[in-house]
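What follows is one structure encoded as structure tokens, with my remarks underneath.
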């Protein structure tokens, strides 16, 4: 079954992502995560290849644990960021679907020197599930149901399932479903800012608090962009930080300017209805700003008094 058949069987695909024919207000419930794609990088040199390209320590990824990571230019700017797990003979990355080909084209410039193959898994889908809230942190990878290749636990009531498209119909059948928008809203509230085509090469990973997400290793050795990322960490703390944006009206497109005290202070990094994330040159913790003449509240994420 092609992925489009899933939309027709269970709902519709809109600008906001998947919307089920009947939406459940109770949990647990599942949704199609159409805005994400899976990328496999496999081969005998896959570990060595990625260790020299990604911000994360590839030794920390396994078939039982997922980690966050990013791929940067030589100037330390993110081409893409993602979560990843180990698979047989390599690794599997989950990232925004619109960014998958961008990352592949970037990595191909270096892959020619290694025995590694890059494949966007168009035959697989990502399904999100939200259950009862669980404050325990977890990044475990398991297999919970027949047909599921990998289940990634988030430890906050959320999990995501990576499976073949042909198995997805059975996985969604007779389940309570909810809109994909709700998953992305939760990402925003938890400070998961994903690089998209509009924001490619816009930010050093720390600008998005990626070090707090444990998406940067400062002990693994050299990788593309490492000098810039390490210098920012050790020679002076970043002056740009991640803020939760809350508005009364619908927020505009990503990379719209955000003004504080009448001055341009940064840009909108993600928007989902009235919620968003912004990367700003401010310390916080709480600010009032303007985006295209709309007043917004700005709350510094991961703020501590030591900042």
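The values are calculated or read from the model by the stated rules, or taken from the named source; none is laboratory data. Quick caveat, the model's predicted, so the values are computed rather than measured. Positions of Cβ are backbone-derived with ideal geometry, glycine not excepted, and every protein chain shown enters the neighbour counts.
What do you reckon, is residue 148 under 21 Å from residue 258 (Cβ atoms) and either touching a helix residue (DSSP H, G or I) at 6+ places or on another chain (Cβ under 9 Å) or modelled with pLDDT of 95 or more (or both)? The answer is no for residue 148.
Would you check if there is a residue in region 22-30 being crowded, with 17+ Cβ neighbours inside 10 Å, in the same structural domain as residue 164 (by TED's automatic domain parsing) and in a loop (DSSP other than H, G, I, E, B)? No; the residues of region 22-30 include none that is crowded, with 17+ Cβ neighbours inside 10 Å, in the same structural domain as residue 164 (by TED's automatic domain parsing) and in a loop (DSSP other than H, G, I, E, B). Only one of the numbered conditions (1) over 25 Å from residue 88 (Cβ atoms); (2) under 15 Å from the mean Cα position of the chain (by Cα); (3) surrounded by fewer than 19 Cβ atoms within 10 Å (Cβ to Cβ) is not met by residue 174, and that is (2). Within region 178-201, restricting attention to residues that are buried (at least 21 other Cβ atoms within 10 Å of the Cβ) and touching a helix residue (DSSP H, G or I) at 6+ places or on another chain (Cβ under 7 Å), the residue that is farthest from residue 75 (Cα to Cα) is 193. Before we move on, is residue 17 touching a residue at least 60 places away in the same chain (Cβ under 8 Å), closer than 30 Å to residue 273 by Cβ and surrounded by 18 or more Cβ atoms within 10 Å (Cβ to Cβ)? In short, yes. If you go through region 256-293 and keep only what is in contact with a strand residue (DSSP E or B) (Cβ under 9 Å, 6 or more places away or on another chain) and loosely packed, with under 14 Cβ neighbours inside 10 Å, you end up with 261, 262, 264, 283, 286, 288. Going residue by residue through region 97-109, is there one that turns out to be in contact (Cβ under 8 Å) with a residue 12 or more places away in the chain, assigned to a loop (DSSP other than H, G, I, E, B) and within 19 Å of residue 187 (Cβ to Cβ)? Looking through region 97-109, none of the residues is in contact (Cβ under 8 Å) with a residue 12 or more places away in the chain, assigned to a loop (DSSP other than H, G, I, E, B) and within 19 Å of residue 187 (Cβ to Cβ).
Within region 150-178, the only residue that satisfies the criterion of being outside any strand (DSSP E or B), without any contact (Cβ under 8 Å) to a residue 60 or more places away in the chain and under 13 Å from residue 124 (Cα atoms) is 167. Does residue 115 count as over 17 Å from the mean Cα position of the chain (by Cα) and closer than 24 Å to residue 203 by Cβ? Taking the combined requirement at face value, the residue does not satisfy it.
Considering (1) over 25 Å from residue 41 (Cβ atoms); (2) in contact with a strand residue (DSSP E or B) (Cβ under 8 Å, 6 or more places away or on another chain); (3) without any contact (Cβ under 8 Å) to a residue 24 or more places away in the chain, the lone condition that residue 181 does not fulfil carries the number (3). Candidates 206, 294: the one that is on the phi < 0 side of the Ramachandran plot, without any contact (Cβ under 8 Å) to a residue 60 or more places away in the chain and within 22 Å of the chain's Cα centre (by Cα) is 206. Annotation: of all residues in region 214-227 being modelled with pLDDT of 95 or more and surrounded by 15 or more Cβ atoms within 10 Å (Cβ to Cβ), the one that is nearest to residue 48 (Cα to Cα) is 223. Residue 204 meets all of the listed conditions (1) closer than 23 Å to residue 67 by Cβ; (2) out of contact with any helix residue (DSSP H, G or I) (no Cβ under 7 Å at 6 or more places or on another chain) but one, namely (2).
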